[in-house]
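Report on the following structure.
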């Protein structure tokens, strides 16, 4: 492994010199496969935020995810599927003992029984969502399933933020020990949907049904006679706020990021290994993989070179495979059995 091309060049200068030495050493080090696989990324990340299209129709776009194990022994684990409407921010919680495709479909059915089929469902690459059973259910009900790229949780950021708050709320329930978290799920869901959302400046139930709602424990005698809210006005306010927040998020995310140098179909790349799935001394990248399709949002469909398995990754999780050839300006002559031959260039990956 090399400690950077400049340090390698400095060492080489102690013993050698030849024409174009600086360019040759830099090209050689930057295309060292050992360094490419072993070293973590450094410098600015090549990334750009691509916000999803904002649709101002309730229950048009749904974000879905499942929590990690909340409680239970090895054979009796318990989880919660979380669904959130992208526009109204309405949250639906579904308690389950499994996170397989059948449970994911049942969680989605719970939403369908209330509001009908959404137009689009956004989920991660978890097995329960990438499974054929879940895909077939979405196709049957004319639901567009959008699976985000591996390792880019920000693409499903709305549900990720709810998950973080949900775990804190359920932990508080467990700490109080007045009841179990399983008994509190419905009240937690109501609390989410009664609380004013920072982005839309209204509660999910106000946007959804045009009425101010409160948790049951906070209801007063006169609440049932309360006037309805101006649903047209708050929806217009929500639209303006969502668009302004999206612009601000994009500016904040893109600031300090490097311009994306996009790959093309046929390029070979390495995939960054996730740190939580390995030890500190494991390779930081694996591959090579071939890019077989360009997707929107600086994403790529990759194919393993030793199988037909495909992967979907964002640009920032990839690293270009080294060029496996000597540039023409660095071609050298070699002698074989006293006969001078021009060095050939191996095929590029």
Select from region 78-121 the residues that are closer than 21 Å to residue 58 by Cα and out of contact with any strand residue (DSSP E or B) (no Cβ under 8 Å at 6 or more places or on another chain) and list them in ascending order.
88, 89, 105, 109, 112, 113, 115, 116, 117
Filter result for residue 51 (touching a strand residue (DSSP E or B) at 6+ places or on another chain (Cβ under 8 Å), assigned to a loop (DSSP other than H, G, I, E, B) and surrounded by 14 or more Cβ atoms within 10 Å (Cβ to Cβ)):
no
Among 346, 328, 288, which is within 24 Å of residue 28 (Cα to Cα) and either at pLDDT 80 or above or surrounded by 15 or more Cβ atoms within 10 Å (Cβ to Cβ) (or both)?
288
Of the numbered conditions (1) in contact with a helix residue (DSSP H, G or I) (Cβ under 8 Å, 6 or more places away or on another chain); (2) touching a residue at least 60 places away in the same chain (Cβ under 8 Å), residue 108 satisfies every one except a single condition; which is it?
(2)
Which condition breaks for residue 148 when tested against (1) more than 19 Å from residue 59 (Cβ to Cβ); (2) touching a residue at least 40 places away in the same chain (Cβ under 8 Å)?
(2)
Buried (at least 16 other Cβ atoms within 10 Å of the Cβ), in the same structural domain as residue 118 (by the TED database) and more than 17 Å from the chain's Cα centre (by Cα), is that true of residue 77?
no
Pair list, Cβ < 6 Å and 6+ apart or interchain, from region 152-164 residues that are under 14 Å from residue 197 (Cβ atoms) to residues that are modelled with pLDDT of 90 or more and surrounded by fewer than 19 Cβ atoms within 10 Å (Cβ to Cβ):
none
Mind checking which pairs have a first residue in region 175-192 that is assigned to a loop (DSSP other than H, G, I, E, B) and a second that is surrounded by 18 or more Cβ atoms within 10 Å (Cβ to Cβ), Cβ under 8 Å, 6 or more apart or different chains?
179/173; 180/173
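The values are calculated or read from the model by the stated rules, or taken from the named source; none is laboratory data. Since the structure is predicted, the reported quantities are computational estimates derived from the model, not experimental observations. Heads up, the Cβs are rebuilt from the backbone with ideal geometry, glycines too, and the neighbour counts pull from every protein chain shown.
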